[in-house]
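Engineer: For reference, the structure I am asking about is given below.
The values are calculated or read from the model by the stated rules, or taken from the named source; none is laboratory data. In this text, all values refer to a predicted model and were calculated from it rather than measured experimentally. Cβ coordinates were reconstructed from backbone atoms using ideal geometry, including for glycine residues, and neighbour counts include every protein chain displayed. In case anyone asks, the SASA skips ligands and DNA or RNA and just uses the protein heavy atoms, side chains included. Shrake-Rupley method; radii C 1.70, N 1.55, O 1.52, S 1.80 Å.
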Amino acid sequence: MAGIILAVQFVVYPAFEYFSKEALHRWHHVYTRKITVLVAPLMVAQLLGGIYWSAAHQGLISYLYTLLIFSLWGITFLFFVPLHRRISLGTADTPDFRRLVRLNGVRTSLWLILLTLHLIAHTIPLA
């Protein structure tokens, strides 16, 4: 997810400002369908893996990891679903695109923290 979110942060979302409203409306439908097929299974697997990890290896890192995953799900549904809905409806404007990039910076940071926690947990033996 860290790799995908970095591409979205630095390439995909900033590009939305360069589309005409009509072109973005058409492209966004294709984009959301394709990105959902890619991202949804990864997010579900990450969520289930985090829950399993927290149950099987109780500790600060596994709990923090799972808390961050739940936070990412919350941020996605509270902020990104409505923003993408505005884009799909053709009512989004430049401030919406900038908000999308800005808020996605938070998600990007959280996914990079998750990657770091994952690497730490699998590098340092946990009791």
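Engineer: How much length would be gained if the chain were fully extended between residue 39 and residue 67, taking 0.36 nm per residue of separation minus their Cα-Cα distance, in nm to one decimal? Numbers along the way, then the final one.
Structural biologist: Values: separation 28, 0.36 × 28 = 10.08 nm, distance 1.90 nm.
Residue separation times 0.36 nm, minus the Cα-Cα distance, leaves 8.2 nm.
Engineer: Given a 1.4 Å probe, how much area per residue of region 1-108 is accessible, in Å²?
Structural biologist: Working: 6310 Å² over 108 residues.
Computed with neighbouring chains in place, this is 58 Å² per residue.
Engineer: Who wins for biggest fluctuation among 20, 62, 109 in a Gaussian network model of the chain, springs between alpha carbons below 10 Å?
Structural biologist: Comparing 20, 62, 109 in a Gaussian network model of the chain, the most mobile one is 20.
Engineer: Right, next: Using a Förster distance of 41 angstrom, determine the FRET efficiency expected from the C-beta separation of residue 26 and residue 112, and round it to 0.05. Display every interim value, and only then the final one.
Structural biologist: Details: r = 32 Å, r/R0 = 0.78.
Computed FRET efficiency for residue 26 and residue 112: 0.80.
Engineer: For region 7-127, which whole-number percentage of the solvent-accessible area (1.4 Å probe, protein heavy atoms only) is attributable to carbon and sulfur atoms?
Structural biologist: Working: 5330 of 7420 Å².
Within region 7-127, the accessible surface is 72 percent carbon and sulfur.
Engineer: Return the Rg/Rh ratio of the chain with Cα-based radii and a Kirkwood Rh. Walk me through the numbers on the way to the answer.
Structural biologist: Numbers: Rg = 16.4 Å, Rh = 15.7 Å.
Using only Cα positions, Rg/Rh for the chain is 1.04.
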